[in-house]
Amino acid sequence: MLRMVTIGVYGFDGESFLRRLRQADVRLLLDVRQRRGVRGPEYAWANSRRLQAALAQAGIAYEHHPELAPTTELRRLQYAEDDRQGVGKRSRRELAPEYTRRYTIEILDHADPTPIASEPPGGGSAALLCVERDPEACHRSLIAQRLTEQHHITIEHLRPPCG
């Protein structure tokens, strides 16, 4: 059975992020962000060019999959729910039900996950990357669920070290 992992940016620094990928034998990083930048100097390492350079140096391939990224409209819908609940993007614990419904209908139901559902060249595993710390608060968990349902892929969610 094929195995895949998911990982977010928040909670990691560049070194611990790469270390966690190596521990999971990740050979291919699948970036499912629409905008591939992260605000804040502590996350400058995760901006696209820097991240791709660090991955290349670590021997990890990189692919951007914008077809799996939420639209700006969908992100705004989630932000409105975050505001209503009084949580910030970095402290969100779950996705809004309406966001989940619309992301599934508008993005997932039109995307073909087959290209990302195969073993990376050279073995190892692939990782779905977005920003949020917790997969339950991120669309990558919805992609992972679809991959499990349609392609019987085992998913492991990588989380940053505690503390």
Backbone HN-Hα couplings from phi across the stretch 99-114 [Karplus 6.51/-1.76/1.60, Hz, Gly and Pro as x] = 4, 4, 4, 6, 4, 4, 6, 7, 10, 4, 5, 10, 9, 9, x, 3
Across the stretch 28-39, in residue order, what do the Karplus-derived ³J(HN,Hα) couplings come to in whole Hz, using 6.51 cos²θ - 1.76 cosθ + 1.60 with θ = phi - 60° and x for Gly and Pro?
-> 9, 9, 9, 7, 10, 8, 6, 9, 9, x, 10, 6
If you average the sequence gap of Cα pairs under 8 Å that are 6 or more apart and divide by the length of the stretch 23-72, what percent do you get for the contact order?
-> 52 percent
Whose amide H sits under 5 Å from the amide H of His157, counting only residues 5 or more places off or on another chain, with H placed in the peptide plane?
-> Thr6
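If you average the sequence gap of Cα pairs under 8 Å that are 6 or more apart and divide by the length of the stretch 1-136, what percent do you get for the contact order? Working shown, then result.
Numbers: 173 pairs, mean separation 63.9, N = 136.
With pairs under 8 Å counted, the relative contact order is 47 percent.
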Reported label for calculated Cα extents along the principal axes in Å given (i) 39, 38, 28; (ii) 55, 37, 30; (iii) 44, 38, 27 = (iii)
Expressed in nanometres to one decimal, the distance between label points 7 Å along Cα→Cβ at Gln57 and His151 is 3.0 nm
Local charge sum around Gln23 (other residues, Cβ-Cβ under 14 Å, Lys/Arg +1, Asp/Glu -1)?
-> +3
Applying the gyration tensor rule to the Cα atoms of the stretch 37-86 (axes a ≥ b ≥ c; rounded if a/c under 1.5, else prolate if a/b exceeds b/c, else oblate), the class is oblate
Check: C-alpha center the stretch 116-163 vs C-alpha center the stretch 12-27, spacing in Å is 14 Å
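No value in this document is a laboratory result; all are computed from the given coordinates. Predicted, not measured: the structure shown is a model, and the values here were computed from it. When we count neighbours, we look across all protein chains shown, and the Cβ atoms used for this are built from the backbone with ideal geometry, even at glycine.
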